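Shown next, in structure tokens, is the structure this report addresses.
Every number here is computed from the coordinates shown, using simple stated rules; none is lab data. Model, not experiment: these values are computed from the prediction. Reconstructed Cβ throughout: ideal geometry from the backbone, glycine too, with neighbour counts over all protein chains shown.
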Amino acid sequence: MDLSQRTRAILSFVQTTEAGSFAGAARGLGISTAAVSKNVAGLEKALGVRLINRTTRQLKLTEEGQAFLKQARIALDALDAAVDAVAAKRVEISGQVRISTSAGFGRDHLMPALPRLMARYPALSVEIDFDDRLIDLVGDGYDLALRGGQIADSALVARPVCHLSMVLVASPDYLARHGVPRAPQDLQTHRLIVRRFLGGKAAPWHFRWDDGAISTLDLSTASVSLSAPETLTQAACMGMGVAQVGVHHAWAHLKAGRLKTVLLGMHDPGGYEMVIQYPHRALVAPRVKATIDYLLDVFARDEALHVPLASLQAFAAE
């Protein structure tokens with residue numbers, strides 16, 4: 001297999017893993033399904049190992065296929081970087097970029113970034129869906145998605161934006177009326193505001209003890225259950241109880257004195273993160289790459305997204 005054949009075969013293999021089928025890869029590459037299948041088979045023959053197990057219903061990577069995919073992406077990224085360095089100097093950034101984001105993050109962090117993006121690239125148009133559901137980025141036709149939580153491994157590229165630390169907060173008025181909880185068990189006598197997902201499950205509140213053990217608070221007696229994470233912060237500001245919210249949601253209210261933190265050091269901030277996800281960068285159009293690079297730069301300088309946990313002590317309830 002010569003170099004050009006090998007390159008076509010690797011692209012066919014990577015695109016097949018992204019699309020989940022030879023037919024999907026063929027559409028993405030603009031060639032026939034038979035050509036994609038032949039390319040992948042030729043690659044397996046050249047390597048002397050099977051990369052994909054084929055059934056009538058699905059394709060599944062072998063262990064060797066997973067290892068090869070990781071290295072193939074690195075190689076394609078290097079090629080893309082070389083091409084981008086030249087192309088960026090002569091390609092006008094134009095066309096539409098479709099973005100999926102949650103309502104809260106989109107309103108508070110994405111929307112303020114848009115005016116300068118549009119000013120920098122006048123020929124660019126942006127379509128944004130504000131939706132907390134987990135979308136099929138490729139199947140639903142999005143160019144990129146802003147997703148927060150515990151990000152699962154997938155065939156998508158995930159560029160980290162920030163950690164999403166959680167914190168317990170309440171309004172000064174509420175704490176004056178009900179007292180400041182000093183230990184997790186004190187919360188059982190407080191009015192709790194919890195996030196409840198559409199499936200009915202409540203987001204847990206975890207606590208860490210001195211011996212390293214982790215306990216979970218019983219939230220079955222919560223006074224208020226809300227599905228939109230940003231509304232928990234609103235409810236806490238209104239004096240409705242104690243809420244577990246993202247630091248990025250609470251930051252402006254903490255600085256303004258509308259909220260206070262409680263049980264810092266005992267409450268577990270969680271291992272959540274915000275990422276920009278998109279299909280493998282070998283297929284990323286200049287309009288999408290420019291948008292991603294711009295947003296990553298803006299979010300890196302967004303104070304609310306990078307609040308050190310240690311600084312929250314200044315806003316702790318006395």
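Less than 15 Å Cβ to Cβ from Ala203, Lys/Arg counted +1 and Asp/Glu -1: what total charge do the surrounding residues give?
Result for the neighbourhood of Ala203: -1.
With θ set to phi - 60° and the Karplus curve 6.51 cos²θ - 1.76 cosθ + 1.60, what are the ³J(HN,Hα) couplings of the range 122-137 in order, to the nearest whole Hz, using x for Gly and Pro?
Calculated HN-Hα couplings, in order: x, 8, 8, 10, 10, 10, 10, 10, 9, 8, 7, 6, 7, 8, 8, 4 Hz.
So what is the calculated 222 nm ellipticity per residue for the chain, using -39500 (n - 2.57) for each DSSP H run with n of 4 or more, over all residues, to the nearest 500 deg cm²/dmol?
Estimated from H runs of four or more residues: -11000 deg cm²/dmol.
State whether the range 9-60 is rounded, prolate or oblate according to the following rule on the C-alpha gyration tensor (a ≥ b ≥ c being the square roots of its eigenvalues): a/c under 1.5 gives rounded; otherwise a/b larger than b/c gives prolate, and the remaining case gives oblate.
Because a/c hits 1.5 or more and a/b fails to exceed b/c, the range 9-60 counts as oblate.
I'd like the antiparallel share, as a percent to the nearest 5, of DSSP beta bridges with both residues in the chain.
Around 65 percent of the beta bridges assigned by DSSP in the chain are antiparallel ones.
Please list 3J(HN,Hα) in residue order for the range 304-317, calculated via the Karplus relation 6.51 cos²θ - 1.76 cosθ + 1.60 where θ = phi - 60°; whole Hz, with x for glycine and proline.
Coupling constants for the range 304-317: 5, 8, 9, 7, x, 4, 4, 6, 6, 4, 5, 10, 6, 5 Hz.
Set the Förster radius R0 to 45 Å, insert the Cβ-Cβ distance between Leu3 and Ala213 as r into 1/(1 + (r/R0)^6), and round the FRET efficiency to 0.05.
Plugging the Cβ-Cβ distance into 1/(1 + (r/R0)^6) gives 0.20.
Under 29 Å Cα-Cα from Lys45, which lysines qualify once same-chain neighbours fewer than 8 residues away are excluded?
Those lysines meeting the cut-off are Lys60, Lys70.
What FRET efficiency do you get for Ala316 and Ser225 if R0 is 35 Å and r is their Cβ-Cβ distance, rounded to the nearest 0.05? Kindly include the intermediate steps, with their values, before the conclusion.
Numbers: r = 26 Å, r/R0 = 0.74.
Efficiency at R0 = 35 Å is approximately 0.85.
Note down the nm distance, to one decimal, between modelled labels 7 Å out along Cα→Cβ at Arg27 and at Ala183.
Placing both labels 7 Å along Cα→Cβ, they lie 6.0 nm apart.
How large is the dipole of the range 3-87 about the Cα centre if only Lys and Arg carry +1 and Asp and Glu carry -1, each at its Cβ, rounded to the nearest 20 debye?
That gives a dipole near 400 debye.
Take the alpha carbon atoms of the chain, find their radius of gyration, then divide it by 2.2 N^0.38 Å using N residues; give the quotient. Please list the in-between numbers first.
Numbers: Rg = 23.9 Å, N = 318, 2.2 N^0.38 = 19.6 Å.
Rg over 2.2 N^0.38 Å, computed on Cα atoms: 1.21.
Is the range 166-270 rounded, prolate or oblate when judged by the Cα gyration tensor, a ≥ b ≥ c being the square roots of its eigenvalues, rounded requiring a/c under 1.5 and prolate requiring a/b larger than b/c?
Details: a/c = 1.37, a/b = 1.12, b/c = 1.23.
In terms of gyration-tensor shape, rounded.
Taking the Cβ of each residue in Ile128, Ile214, Ile52 as the centre, tally the other Cβ atoms inside 10 Å and list the residues starting with the fewest. Can you show the working numbers first?
Values: Ile128 16, Ile214 9, Ile52 21.
Ranking Ile128, Ile214, Ile52 by Cβ neighbours within 10 Å, fewest first, gives Ile214, Ile128, Ile52.
What's the local net charge at Arg301, with K and R +1, D and E -1, over the other residues with C-beta under 14 Å away? Don't skip to the answer; put the middle values down first.
Working: positive: Arg116; negative: Asp293, Asp297, Asp302, Glu303.
Cβ neighbours under 14 Å give a net charge of -3.
Compute the length gained on full extension between Leu296 and Glu127: take 0.36 nm times their separation in residues and subtract their Cα-Cα distance, giving the result in nm to one decimal.
Additional length available on full extension: 59.0 nm.
Sort His248, His163 so that the residue with the fewest other Cβ atoms within 10 Å of its own Cβ comes first and the one with the most comes last.
Lowest to highest Cβ neighbour count: His163, His248.
Points 7 angstrom from Cα along the Cβ direction at Gln71 and Val49: gap in nanometres?
Roughly 0.7 nm, to one decimal.
For the range 172-188, just list the computed ³J(HN,Hα) in residue order, Karplus coefficients 6.51, -1.76 and 1.60, θ = phi - 60°, integers in Hz, with x standing in for Gly and Pro.
After applying 6.51 cos²θ - 1.76 cosθ + 1.60, I find x, 5, 4, 5, 5, 7, 10, x, 8, x, 9, 8, x, 5, 5, 5, 5 Hz.
What's the exposure ranking of Met274, Met238, going from fewest to most Cβ atoms within 10 Å? Present the calculation step by step, with values, prior to reporting the outcome.
Working: Met274 22, Met238 13.
Least to most surrounded, the residues fall as Met238, Met274.
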